[in-house]
């Protein structure tokens, strides 16, 4: 009991609080880079469960970090010429509209709902992590007719041969719908929704894995910006939260991507799935408790 | 829709320069924002200004799980350019942090704008239109938020 008191007393000090947030965000950034899951799924639960901060402010702070990571990662993907810009922009229409809807909807949803949706999304995201990354790409000729109309088929540089390998795009309408949902969730929960975007792209739409990762990364930042604008104007982005989180996640993700070049860690992945499920449970418990402290 | 007769290889080869510029612009932007934020935070270290006491009070509210933090905190989120400028002129660390945060939020919008230029250069009018739609959604987010 006195440990809790000690904790509460210490975190009241702004310097301690900011430093702690910063450190936690670095961890979030590293894990995010290593596991391909955004920092948002760590940041929001940390702020709400550990510090008892209202979920709306947690979401606002997390959104900024999501945007930051996406912009920071841009260079690598452009260099590798993996991002399918046309596809990204086309799908962005759906995600940004979704993000806008979500941002408008958010004030009308009670904390209870937000916690619950967060928990469910977290469960889904952790299951996605267990999914083997393998894409059965299709030739251009098998693309969805709309995809051809919009010139979405493209090619990417194959690492081994160095040649540009063409690929087609399937199931465009389905992909668009998923992107809308991804946008809504991104705005409500302060996450990047990569867990929705990536499987939609390399699973349903049959994009090559690397292309789907790169394109998703591009999109995540834009989606984030769509809702962040609204959140900021509403005053839901507090500098005292957003600043250390943004800095920490940025630092963490650049550190993490350095490490990633050397380590390949399936065991960390599985461990993380367990952690995520526990966190998801905590979030849902909090929802069942009416959004107050569990 | 006009069919593009160039091979995929030629298409991607024509993109590089502007995409490179964009990517480095983003990276630079991220660095600048991070620096602004870090500097702004440093300026608010205890003793440097009364901002620290305001932080402590607002923090207490936040930790209680308040969903509407007091006007004291609200006042430090400049929502107009004038207010932001005033804060910066007063060497307010918080204003610098906000500037950094706003820059971070703006970067993806810049990215989309550059993509628009790219499509204009390629005379791909369909995609110019689509990109404009995305841009308008991005901007309406900010406007609608203000109206709220």
In nm, spacing of pseudo-spin labels at residue B:20 and residue A:4 (7 Å Cα→C-beta vector): 5.9 nm
Ratio of Rg to Rh over segment A:137-219 (Cα coordinates, Kirkwood Rh, two decimals): 1.01
Would segment A:61-115 count as rounded, prolate or oblate if I go by the C-alpha gyration tensor, calling it rounded below 1.5 in a/c and otherwise prolate when a/b exceeds b/c, oblate otherwise? oblate
Descending packing, highest mean Cβ count within 10 Å first, for A:56-62, A:94-100, B:26-32 is A:56-62, A:94-100, B:26-32
Inter-part gap, Cα centre of segment A:79-150 to Cα centre of segment A:196-266, in whole angstrom, is 12 Å
Packing-based ranking, highest mean first, of A:190-200, A:234-244, B:84-94 given that Cβ atoms within 10 Å are counted: A:190-200, A:234-244, B:84-94
Computed, not fitted: 222 nm per-residue ellipticity of chain A from DSSP H runs ≥ 4 (each -39500 (n - 2.57)), nearest 500, equal to -23000 deg cm²/dmol
Determine the equivalent ellipsoid of the protein assembly as shown by diagonalising the alpha-carbon gyration tensor, then write out the semi-axes as square roots of 5 times the eigenvalues, largest first, rounded to whole Å. 37, 24, 20
May I ask you to derive the FRET efficiency for residue B:136 and residue A:285 from their Cβ-Cβ distance with R0 = 41 Å, giving the value to the nearest 0.05? 0.50
Note the full-extension length gain between residue A:165 and residue A:269 as 0.36 nm times their separation in residues minus their Cα-Cα distance, in nm to one decimal. 34.5 nm
Highest-first arrangement of B:57-64, B:36-43, where packing means the average Cβ count within 10 Å: B:36-43, B:57-64
Segment A:170-294: D in µm²/s via Stokes-Einstein (Kirkwood Rh, Cα pairs, 25 °C, 0.890 mPa s)? 145 µm²/s
Once you have the Cα-Cα distance between residue B:56 and residue B:88, take 0.36 nm times their residue separation minus that, and quote the gain in nm to one decimal. 9.4 nm
Taking r as the C-beta separation of residue A:13 and residue A:133 and R0 as 41 Å, the FRET efficiency to the nearest 0.05 is 0.40
How shielded is A:216-223 by partner chains, expressed as the average number of their Cβ atoms within 10 Å of its Cβ atoms? 3
R0 = 35 Å: FRET efficiency of residue B:64 with residue A:104, Cβ-based, nearest 0.05? 0.80
Cα pairs beyond 17 Å in segment A:10-61, in percent, come to 35 percent
Residue mean of other protein chain beta carbons inside 10 Å, A:43-55: 2
Taking Cα atoms, how many degrees apart are the long axis of helix A:266-288 and the longest axis of chain A, rounded to 10 and kept between 0 and 90? 50 degrees
Working from Cα positions, state the angle (0 to 90°, nearest 10) between the long axis of helix A:55-80 and the longest principal axis of chain A. 30 degrees
Can you give the mean number of other chain Cβ atoms that lie within 10 Å of the Cβ atoms in peptide A:13-20? 5
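We did not get these values from a lab; they are worked out from the coordinates using the rules stated. Predicted, not measured: the structure shown is a model, and the values here were computed from it. Cβ atoms come from the backbone with ideal geometry, glycine included; neighbour counts cover every protein chain shown.
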